[in-house]
Protein chains: 2
Amino acid sequence: MSKQPHPFAPEPSVRLSPVSYLVMGLIGLRGPSTPYQLKRAAGRSVNYFWPFPHSQLYGEPERLTAAGLLEEEREEGGRHRKVYTLTKAGRAALDSWLISPPGEVFEMRDMAVLQLFFSEFMSREALVALAGDQVRLYRERIAVLEAIALHYSERQGRRRMAPLDLGLRMARTCLDFWQEVADDPPEA
Amino acid sequence: MSKQPHPFAPEPSVRLSPVSYLVMGLIGLRGPSTPYQLKRAAGRSVNYFWPFPHSQLYGEPERLTAAGLLEEEREEGGRHRKVYTLTKAGRAALDSWLISPPGEVFEMRDMAVLQLFFSEFMSREALVALAGDQVRLYRERIAVLEAIALHYSERQGRRRMAPLDLGLRMARTCLDFWQEVADDPPEA
DNA sequence: GTACGCATGTAAACGGTTACATGATTTG
DNA sequence: CAAATCATGTAACCGTTTACATGCGTAC
């Protein structure tokens, strides 16, 4: 199997990370954007299931520009911010990603669950405290997500609301689980 | 607020990552272990909700040893593998972590959900294909987790089985969600 | 005994996070 | 106009992942 790029379907020269698609996707939705605009847009939407620090939104567009997937201009007045636009190649990369199912499911990587796994070194009280804390946090998160859902449900398309729906279901599943642990802590 | 370590409760000199606790926790459960033993132990248990490459199990114990949390010996015969044991300080760090609720909930970071969020650039067929693929993957995962649950349920304590239970519930929640998307794909 | 595959280990590259730095804008 | 807060940006650090390297056992 050759590693050479196919001459008629050149692969992008850089590996694209999830954040790459996040950036390209947001620019695809919003049109030309500055990093700060992306930050605000992400904060109101995609950050609720894919958090990242805003500094990513400065470095990543530069890499994508170097790879020919974005184009960079300067604002006329004010701060002369960098404004990024999808190139043809960028749009193509985005489209081609969207029609390729990832072939994998998410990984939990949940610190509380990790503690639960090792909880046989833990007193019953500590376990109840852990579960109680998780219950509180999931209640808060559910409240936040419900507020967002209420606020945006009319303006957004159903597809963009779907992740929020899944997020709510997941949070409720976790809430139930930790509630049961708190109410009836398993013995070691 | 001083950043100096408190003289009577010295903080560990290194930042401990999730994998640090994973390693210490596994050694706590198993007793003295070589990296390869840890790899096998993790593969049968904790990897199902916290995956990582085996190379972590070589670097991390070294760091923990340097921090005084593990002790390193050499096997007598054979390959003279390194055998790691929890020190007093290591056990203390593990215990103290276990009684400190993380104060945060997991983050999804699900590629398929990210695609769904940007799916308004996607045809209905592509969306159904994505959902169908996720359905297949979650069915497989559920089958694997159920097999593990069946296999280990007698030998393991209830607490160590709990993460598996949560994993199953999460997988079923996702399965339901994607099934609905596949059956009735939302319009943009 | 040789070839294949798995066991075991090391190290460098990449990308995400943390930390800091500076300019703008609001508020009292 | 001083101070506080927010907007905007950069850079180093650190952990994870990727890639490679070598040893050991086993089947034929």
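FYI, it's all coordinate maths here, none of it is from the lab. Nothing here was measured: the structure is a model prediction, and the numbers come from that model. Positions of Cβ are backbone-derived with ideal geometry, glycine not excepted, and every protein chain shown enters the neighbour counts.
Label points 7 Å out from Cα along the Cβ direction at B:K88 and A:E62: separation in nm?
Reported label-point gap for B:K88 and A:E62 is 4.9 nm.
Charges at C-beta only: +1 for Lys and Arg, -1 for Asp and Glu. How large is the resulting dipole of the protein assembly as shown about its Cα centre, in Debye rounded to 20?
Using only the charged Cβ atoms, the result is roughly 700 debye.
About the Cα centre of chain B, how large is the charge dipole given +1 on each Lys and Arg Cβ and -1 on each Asp and Glu Cβ? Please answer in debye to the nearest 20.
Computed about the Cα centre, the dipole is about 1000 debye.
Once Lys and Arg get +1 and Asp and Glu get -1 on their Cβ, which of B:F52, A:P61, B:P163 lies farthest toward the positive end of the dipole of the protein assembly as shown?
A:P61
Specify which residue in the list A:A147, A:Q134, A:Q179 is farthest towards the positive end of the charge dipole of segment A:97-188, using unit charges on the beta carbon of Lys, Arg (+1) and Asp, Glu (-1), about the Cα centre.
Checking the options against the dipole of segment A:97-188, the answer is A:A147.
For A:Y152, which inter-copy label distances result when the label point lies 7 Å beyond Cα on the Cα-to-Cβ vector, reported in nm to one decimal and in ascending order?
Computed spacing set for this position: 3.6 nm.
Among B:M24, B:M122, what is the fewest-to-most ranking by other Cβ atoms within 10 Å? Could the numbers behind the result be given before it?
Details: B:M24 25, B:M122 20.
Neighbour counts put them in this order, fewest first: B:M122, B:M24.
In debye, nearest 20: dipole of segment A:111-183 around its Cα centre with unit charges on the Cβ of K, R (+) and D, E (-)? Mind dumping the intermediate values first?
Values: 10 positive and 10 negative charges, 106 e Å.
So the dipole magnitude of segment A:111-183 works out to roughly 500 debye.
Report, ordered by chain and residue number, the aspartates and glutamates lying within cross-link reach of A:K82, taken as a straight Cα distance under 14 Å and ignoring same-chain residues fewer than 8 apart.
A:K82 reaches A:E60, A:E62, A:E71, A:E72, A:E73.
Put a point 7 Å out from Cα along the line to Cβ at B:G59; what are the distances to that point in the other copies, in nm, shortest first?
Values, ascending and in nm: 1.5.
Taking a label point 7 Å from the Cα of A:V14 along the Cα→Cβ vector, which residues of segment A:93-123 have an amide N closer than 20 Å to it?
Inside the label zone: A:93-98.
Identify the residue of chain A whose Cβ lies closest to the rotation axis that maps chain A onto chain B, and give that distance in whole Å.
Nearest Cβ to the rotation axis, residue and whole-Å distance: A:T173, 2.
Would you calculate, for chain B, the mean residue ellipticity at 222 nm contributed by helices, counting each DSSP H stretch of 4 or more residues as -39,500 (n - 2.57) and dividing by all residues, to the nearest 500?
When only DSSP H runs of four or more count, the value is -18500 deg cm²/dmol.
Pick out, from A:G103, A:M122, A:A188, the residue whose Cα sits farthest towards the positive end of the charge dipole of chain A, with +1 on the Cβ of Lys and Arg and -1 on the Cβ of Asp and Glu.
Highest projection toward the positive end goes to A:G103.
When each copy gets a label point 7 Å from Cα toward the beta-carbon at B:G132, what are the spacings between them in nm, shortest first?
Reported distances to equivalent positions: 5.0 nm.
What distance in nm lies between label points placed 7 Å from Cα along the C-beta direction at A:R172 and A:E104?
3.0 nm
Quick one: angle between helix A:158-183 and the longest Cα principal axis of chain A, in degrees between 0 and 90, rounded to 10, please.
Roughly 20 degrees between the two axes.
Over chain B, what is the relative contact order in whole percent, taking alpha-carbon pairs under 8 Å and six or more residues apart? Don't skip to the end; give the middle numbers.
Working: 135 pairs, mean separation 34.7, N = 188.
Rounded, it is 18 percent for chain B.
Please give me the summed charge of the neighbours of B:S153: other residues whose Cβ is under 15 Å from its Cβ, Lys and Arg +1, Asp and Glu -1.
Around B:S153, the surrounding residues sum to +1.
On a 0 to 90 degree scale, rounded to 10, what angle separates helix A:18-30 from the longest Cα axis of chain A?
70 degrees
Measuring from label point to label point, each 7 Å out along Cα→Cβ, what is the B:R30 to A:A188 span in nm?
2.0 nm
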